[in-house]
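The structure appears below as C-alpha cells.
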Amino acid sequence: MKTTSTAKWICLMIGLTTACLAGCATHSAWRAKCCALAKSDGGVLFGHAQDGAPVFIYTLRNKNGMEARILNYGGIIQSLKVPDRNGKFGDVVLGYDTLDGYLTNSPYFGAMIGRFGNRIANGKFTLDGQEYTLATNNGPNSLHGGIKGFDKVVWMAQSLQTPDGPALQLTYVSNDGEEGYPGALKVKAVYIVTKDNALRLDYTATTDKDTIVNLTHHSYFNLRGSGDILGHFICINADKFTPVDSTLIPTGKFRPVKGTPFDFRTPTAIGARIGQDDEQLKFGNGYDHNWIINHPMGKFGLAARVTEPTSGRVVEVWSTEPGLQFYSGNFLDGTITGKDGQVYQFRDAFVMEPQHYPDSPNHPNFPSTELKPGETYKNAIIYKFSTE
Ligand code: GLA
C-alpha cells in the first residue's frame, strides 16, 4: 500500500517535472516559472507576464457565496460577485476575461496602486532636501506609481485562512530607485472576503530609506453589472474637497462642498449634477477629485456609500485614509471590450480610492505621505456589500 502510493507520487512528480520542463523550455525564464509554479499555492495558471513569469488567479469565496477572483499580477481583482436584493449573484467590477487585456490596455482595472496613488505634479518632489524625479505617464505628471507601477508587477502570493474569512496575501519588494522613488520598499497586501460580505484590503509597507508612499485600490464598480452609473446614488462623508488645476493637480486649497456639485453629504445620483457648468467638473470631465473625509485619520470611518436602485446593491467604503478619490469613469470611451464581450462606454463604472491627497509631497499643508526606516505604513480599506 505504502509502496504503491510512493510509486504513484514519484510518477506524478516525474510527470509534472517533464510537463513543466516541456512547457517552460519555450520561455527564457523557465526556471523562475517552474519555481513560481510550484508556489502557486492554490492559484490557477491565468497566463504569463511579459517577462514570462506565470500569473495565477486565486478564488476567495465566503460561506454566503460572495466571491473575489484575484491575480498575482498587479494585485488585480478580476471579478467580484455579490448578490442583488433577490439573492442573484452578479459581477460588479469591470475587467478582462484573459491576462492579455490587463497586460496591454488596462486603465488600472481592479488594480493595486503604488507606490503613490494619484498624481505627483511634474513627477517631482523634494525629500530631506533632495529633489527626486519620477517616471511621468500622465501629461506632465506622474500617475499611480509611474510607467510600471504596482499594478503591472508580479506579486508573491500565499493563500491564508483567517478568522474573518479566506484571504490572499501578496508581497512585493520594490527596489531602491524603482520608477524614481527612493528606498527599497517592502509591501504586503492582504485581501479578505469576510463573513459579512466585505472585501477587506490591508496594506502595510516598510522602507530602508526615507521615502513617500500612498497605496490604494482601483476597482471599477458597476453595481448593476452593466450600463452607465449615472443612476447610482452616492453619499460621501466629506464637508470639503481639494480643487484641482486643469491637469488634476490640487491647488492646495480646501474648498467646502456646500452649494457645489461636489456636495454628496446626502445621497444624490451621480448623474444629477455631473453636467453642470462648473470649472472643476470641466477639469475632470466629470468627477475625478479628492474628498477630505470627515473622520479622524488612522481610524476606520465610513468614507462613502453607494446604492443602485434597480439591483438593490449597496457598497460602503470604510477606510483609515484621510481622502477619497471618486472618479466617475470619464476616460472610458467605448474603445475597450472587457469581460463577456461588454463594451465599456463613457461612465460605465465608478472608482473609489481611499488614499492620502494627490500630490501630497508638494503640499506641506496636506497630511504627510513620508515613511521612514523603522516605521510601518498602514492603510486598511473595506468595501462592504449589502442590499436594500
Ligand atoms: C484615477 C485618476 C483618473 C484616471 C484613472 C484611470 O482614478 O484620478 O484621472 O487616470 O485613475 O484612468
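Taken together, the values in this text are just the output of simple stated rules run on the coordinates, not laboratory data. Here the structure is a predicted model, which is why all the values come from computation and not from measurement. Cβ atoms come from the backbone with ideal geometry, glycine included; neighbour counts cover every protein chain shown.
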Problem - Net dipole in debye of region 32-387 [+1 Lys, Arg Cβ; -1 Asp, Glu Cβ; about Cα centre; nearest 20] - result: 840
Problem - Cβ-based net charge around Thr307, under 9 Å, with every Lys or Arg adding one and every Asp or Glu removing one - result: 0
Exercise for the section: Step through the residues of region 363-375 one at a time and calculate ³J(HN,Hα) from phi using the Karplus curve (6.51 cos²θ - 1.76 cosθ + 1.60, θ = phi - 60°), rounding each to whole Hz and writing x for Gly and Pro. Expected result: 10, x, 7, 8, x, 6, 10, 6, 10, 10, x, x, 8
Problem - Two-site FRET efficiency, Thr266 against Thr133, from Cβ-Cβ distance with R₀ of 30 Å, rounded to 0.05 - result: 0.10
Handout entry: Cα-Cα separations in region 226-383 greater than 22 Å, expressed as whole percent
Key = 44
Exercise for the section: Any chance you could list the semi-axes, whole Å, largest first, of the equivalent ellipsoid that the Cα gyration tensor gives for region 177-294, using √(5λ)? Expected result: 30, 22, 14
Practice task
In vacuum, with every alpha carbon of region 211-276 counted as one equal point scatterer, what does the Debye formula give for log10 I(q)/I(0) at q = 0.29 Å⁻¹? Two decimals, please.
Solution key: -1.21
Handout entry: Part-to-part distance (alpha-carbon centres) for region 297-367 and region 84-115, which is given in Å
Key = 13
Fill in the blank from the handout: By the mean-Cβ-within-10 Å protection proxy, highest first, 303-310, 284-291, 129-136 rank as 284-291, 303-310, 129-136
Exercise for the section: Go ahead and estimate [θ] at 222 nm for the chain from helices alone: -39,500 (n - 2.57) per DSSP H run with n ≥ 4, summed, over the residue count, rounded to 500. Expected result: -3500 deg cm²/dmol
Fill in the blank from the handout: Taking 0.36 nm per residue of separation between Asp208 and Asn86 and subtracting their Cα-Cα distance, the length gained on full extension comes to 38.8 nm
Practice task
Please give the peptides 267-280, 160-173 ranked by average Cβ packing (other Cβ atoms within 10 Å per residue), highest first, as a rough proxy for protection.
Solution key: 160-173, 267-280
Exercise for the section: Putting +1 on Lys and Arg Cβ atoms and -1 on Asp and Glu Cβ atoms, find which of Leu45, Pro83, Phe346 reaches farthest to the positive end of the dipole of region 32-387. Expected result: Pro83
Practice task
Using Cα centres only, tell me the gap between region 233-248 and region 127-192 in whole Å.
Solution key: 25
Completion exercise
For Thr251 and Ala184, extending 7 Å from Cα along the Cα-Cβ vector and measuring point to point gives, in nm, a value of 4.4
Fill in the blank from the handout: Largest first and rounded to whole Å, the semi-axes √(5λ) derived from the alpha carbon gyration tensor of region 89-223 read 28, 19, 12
Completion exercise
Around Glu388 (Cβ within 12 Å, Cβ-to-Cβ, excluding Glu388; K/R +1, D/E -1) the net charge comes to 0
Handout entry: Note, ³J(HN,Hα) from phi for region 326-339, Karplus 6.51, -1.76, 1.60, rounded to Hz, x at Gly and Pro
Key = 10, 10, 9, x, 6, 8, 6, 9, x, 8, 10, 9, x, 4
Practice task
Using only the Cα atoms of region 32-387, construct the convex hull and provide its projected area averaged over every direction, in square nanometres to one decimal.
Solution key: 16.6
Completion exercise
Cα extents of region 120-198 along the principal axes, largest first, in whole Å, come to 45, 24, 23
Completion exercise
Subtracting the Cα-Cα distance of Thr162 and Asp51 from 0.36 nm times their residue separation yields 36.7 nm
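At a Förster distance of 51 Å, what's the computed FRET efficiency of Glu388 paired with Asn175, Cβ-Cβ distance as r, to 0.05?
Here the calculated transfer efficiency is 0.65.
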Problem - Cα long-axis angle, helix 2-24 against the chain (0 to 90 degrees, to the nearest 10) - result: 60
Practice task
Using θ = phi - 60° and the Karplus relation 6.51 cos²θ - 1.76 cosθ + 1.60, list the HN-Hα couplings for region 127-134 in order, rounded to whole Hz, with x at every Gly or Pro.
Solution key: 9, 6, x, 10, 8, 10, 10, 9
